[in-house]
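A short worksheet on the structure shown next.
Where a number appears in this text, it was derived from the coordinates with a stated rule and is not lab data. No experiment lies behind these values; they were computed from the predicted model shown. Neighbour counts are summed over all protein chains in view; Cβ atoms, including those assigned to glycine, are modelled from backbone coordinates with ideal geometry.
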Amino acid sequence: MALAERIHRILKMKLDGMMLELINRTGEAARKRRELEEKYIHAREMMAVAAMMEGATGVLLAALSVETAPVYRTTGHKSIFGVQLPDLEPVMVKKTLTERGYGILGTSSVIDDAADAYEDLTTAIIASAELEGGIMRLLDEIERTRRRVNALEFKVIPELADLRRLIVYQRDEIERQDAVRLRRIKKIKAKRR
């Protein structure tokens, strides 16, 4: 019972700590989401300007000339209360003018501005995905821990308390029976004398 109560106390503290971490990360995720929306609006505006200046065909040709797609890689995990949170790093997102694949002389600077805006957007998406993925894993662990805490609080500890009362009751009953038996034995011995 003492072990169950100690585990319950430790899991309750872990649950409280994870809830505080979730609140912090949720605020940060909301801020990142707003930044992401702003970058998306900016990228769409830059794309509209590029489409007006270069035409839809010019933008399409510049987009198709890019050889390497932006990706991300997992560089490891951050452990918070035993929960492995992803750590993502953008790869080949930010490119120089020569790495983009389209000709510098054949395109105008609005194409470069639109490409820069979309590269910033892609970086923001990866950062937001890292944060929101961590929140999802944290939520899953909070739910598992909450189930364990509730199981201990409402099932295991009450059952152990009931078992303890039953054992105490049976022990007291055995002691009463032994006391009655000893009195009978004393009476029988007293009659024989």
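A few points about this structure:
- Listed conditions (1) touching a residue at least 24 places away in the same chain (Cβ under 8 Å); (2) over 30 Å from Val110 (Cβ atoms); (3) in a helix (DSSP H, G or I); (4) among the charged types (D, E, K, R) are all met by Lys39, apart from (2).
- Any hit, the stretch 50-71, residues being in a strand (DSSP E or B), farther than 30 Å from Asp162 by Cα and in contact with a strand residue (DSSP E or B) (Cβ under 8 Å, 6 or more places away or on another chain): yes
- Test result for Glu38, more than 20 Å from Ile125 (Cα to Cα) and among the acidic types (Asp, Glu): no
- Residue within the stretch 85-108 that is touching a residue at least 12 places away in the same chain (Cβ under 8 Å), in a helix (DSSP H, G or I) and over 30 Å from Asp140 (Cβ atoms) present: no
- All conditions but one from (1) more than 20 Å from the chain's Cα centre (by Cα); (2) buried (at least 18 other Cβ atoms within 10 Å of the Cβ); (3) among the aromatic types (Phe, Trp, Tyr) apply to Tyr40; the one that does not is (2).
- Selection count, the stretch 43-72, where residues are small (Gly, Ala, Ser), free of Cβ contacts under 8 Å to residues at least 40 places away in the same chain and either surrounded by 14 or more Cβ atoms within 10 Å (Cβ to Cβ) or under 19 Å from Gly101 (Cα atoms) (or both): 6
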